[in-house]
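**Q** Right, I'll just put the structure down here and ask away after.
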Amino acid sequence: MNGNFNEWWSIMSTMEHVYWIIAVPSSLVFIMLMLMTFIGGDGDMASSDFEIDADIDGGIPFQFFTIKNLVGFFTIFSWTGLAFIKGGFSVITTIISSSVAGILMMVMMSTIFYLMNKLVESGSIDLKKAIGSMGEVYLVIPGKRKSMGKVQLKVEGAFKTLDAISDEKNDIATGSLVDIIDVTNNDILVVKSSSK
């Protein structure tokens with residue numbers, strides 16, 4: 001077996017070696033990431049991809065350079081490159097084609113995860129039903145509506161982490177209990193420190 005592998009490896013060009021060295025680990029990581037994403041095993045990783053720029057536009061950012069997208073790029077880049085080498089294409093054509101394929105994969109994955117996350121965030125939940133309920137601060141909520149924080153609460157039977165602002169003078173620290181007193185037009189909770 002080892003002899004067959006050595007023989008197979010030795011007849012390849014340097015380009016093929018490079019593409020195989022990229023293809024095997026990136027494919028394994030890609031498969032693990034996809035399984036964890038669709039079974040729900042990487043909730044923290046997925047949310048961190050989307051929370052980095054949350055304060056910029058108050059919504060869910062479209063992110064191009066994430067771990068998932070880079071793994072997707074290298075996976076498609078390497079397998080496309082190997083296919084083009086097998087097809088007898090020139091080095092330049094192979095590199096350009098595999099790079100374009102990898103970039104297209106990144107665009108597709110960015111779009112898919114953006115739309116999936118947007119569905120999860122908005123869904124069909126009526127946030128007005130959260131008014132009067134209590135939540136726990138997940139990310140510090142700056143006072144006087146300087147920027148958004150995050151609150152975890154149960155809405156319509158499901159626990160959610162949602163954007164929140166406060167009119168209070170001081171910041172509301174992580175772990176504090178808050179009362180939801182209103183919801184803005186763009187589905188941001190307005191909260192105040194809980195008296196309970």
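**Q** What's the long-distance tail for segment 127-193, i.e. % of Cα pairs beyond 17 Å? All intermediate terms of the calculation are to be shown ahead of the outcome.
**A** On the way: 575 of 2211 pairs.
I get 26 percent for the Cα pairs in segment 127-193 exceeding 17 Å.
**Q** Calculate the FRET efficiency for residue 138 and residue 99 from the Cβ-Cβ distance with a Förster distance of 30 Å, rounded to the nearest 0.05. Display every interim value, and only then the final one.
**A** On the way: r = 39 Å, r/R0 = 1.31.
Efficiency, from the Cβ-Cβ distance: 0.15.
**Q** Between residue 173 and residue 131, what's the calculated FRET efficiency when r is the beta-carbon distance and R0 is 30 Å? Round to 0.05. Let's see the in-between values first.
**A** Numbers: r = 22 Å, r/R0 = 0.75.
Plugging the Cβ-Cβ distance into 1/(1 + (r/R0)^6) gives 0.85.
**Q** How large is ³J(HN,Hα) for each residue in segment 138-151, as worked out from phi by the Karplus curve 6.51 cos²θ - 1.76 cosθ + 1.60 (θ = phi - 60°), to whole Hz, x for Gly and Pro?
**A** Values, residue by residue: 9, 10, 3, 9, x, x, 6, 6, 4, 6, 9, x, 9, 10 Hz.
**Q** Taking a threshold of 19 Å on the Cα-Cα distance, which of the pairs 68/160; 129/169; 169/192; 146/169; 128/150 fall above it? Could the numbers behind the result be given before it?
**A** Working: 68/160 23 Å; 129/169 26 Å; 169/192 10 Å; 146/169 10 Å; 128/150 17 Å.
Check vs 19 Å cut-off fails for 68/160; 129/169.
**Q** A further question follows. Once phi is turned into θ = phi - 60°, what whole-Hz ³J(HN,Hα) does the Karplus curve with 6.51, -1.76 and 1.60 give for every residue of segment 74-80, x standing for Gly and Pro?
**A** 5, 5, 5, 4, 5, 5, 5
Throughout, read-outs are computed from the coordinates displayed, never taken from laboratory work. Small disclaimer: the values here were computed from a predicted structure and weren't measured. No Cβ is skipped: glycine too gets one built from the backbone with ideal geometry, and neighbour counts run over all protein chains shown.
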